[in-house]
Amino acid sequence: MQHSVTAQTQQADETVVVHVQLRPRRGSTRRCLAELAALAAAHPAVAFSVTGLGKDERVVRVTVGVELGPREAIARFSPQAQAAYTFVSDLFTVLYDHMPVYTAEPAAAERAAAEVLLQAGLDRDVDVAVPASLLAAV
């Protein structure tokens, strides 16, 4: 699941990204992704991506990277930064049941698993496509 908004003057190396990890219980992963897609639809101006995917005995770890914008624009609290902060705030309130926490950038293995999820969604051309085999592997 990925949603991109690009500014014409913005360079990738100056963009600040905040990572929020959702930790739905294994049986709630599809619901979590569906709620994330609905939240993204409510915030079309915010660029974000699923940047990591992992698991442990009880939960699936879904890491979401939200682009806040260039550092200078964040310091001036630009409209892009305000929209991103609102999106992050809604991640914590709307997806509260999925135990959101701020986190560091995901590890290479988690990024690779997220790429598989994103590619599966692109191959099926739907907003939230999570094959049962992928969820079983996660």
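Being among the small types (Gly, Ala, Ser), more than 13 Å from the chain's Cα centre (by Cα) and part of a helix (DSSP H, G or I) is true for just one of ALA38, ALA73, ALA84, ALA34. Which residue is that? It would help to see each step written out before you state the result.
Values: ALA38 fails: more than 13 Å from the chain's Cα centre (by Cα); ALA84 fails: more than 13 Å from the chain's Cα centre (by Cα); ALA34 fails: more than 13 Å from the chain's Cα centre (by Cα).
Result of the check over ALA38, ALA73, ALA84, ALA34: ALA73.
Kindly indicate whether any position in the stretch 57-64 is assigned to a loop (DSSP other than H, G, I, E, B), at pLDDT below 90 and either closer than 18 Å to ALA81 by Cβ or not basic (Lys, Arg) (or both).
Yes, some residue in the stretch 57-64 is assigned to a loop (DSSP other than H, G, I, E, B), at pLDDT below 90 and either closer than 18 Å to ALA81 by Cβ or not basic (Lys, Arg) (or both).
If I filter the stretch 73-83 for residues that are under 20 Å from LEU118 (Cα atoms) and β-branched (Val, Ile, Thr), do I get at least one hit?
Checked against the condition, which is being under 20 Å from LEU118 (Cα atoms) and β-branched (Val, Ile, Thr), the stretch 73-83 yields no hits at all.
On the given criteria, is ARG26 farther than 17 Å from GLU105 by Cβ and at pLDDT 85 or above? Steps first, answer last, please.
Values: farther than 17 Å from GLU105 by Cβ: yes; at pLDDT 85 or above: no.
So ARG26 does not fit the description; no.
Say we look at the stretch 21-46 and pick out the residues that are buried (at least 18 other Cβ atoms within 10 Å of the Cβ) and charged (D, E, K, R); which of these is farthest from GLN82 (Cα to Cα)?
The residue in question is ARG23.
The values are calculated or read from the model by the stated rules, or taken from the named source; none is laboratory data. Just so we're clear, the structure is a prediction, and the values are computed from it rather than from any experiment. For neighbour counting, all protein chains shown are included, and Cβ atoms are generated from backbone atoms with ideal geometry for every residue, glycine included.
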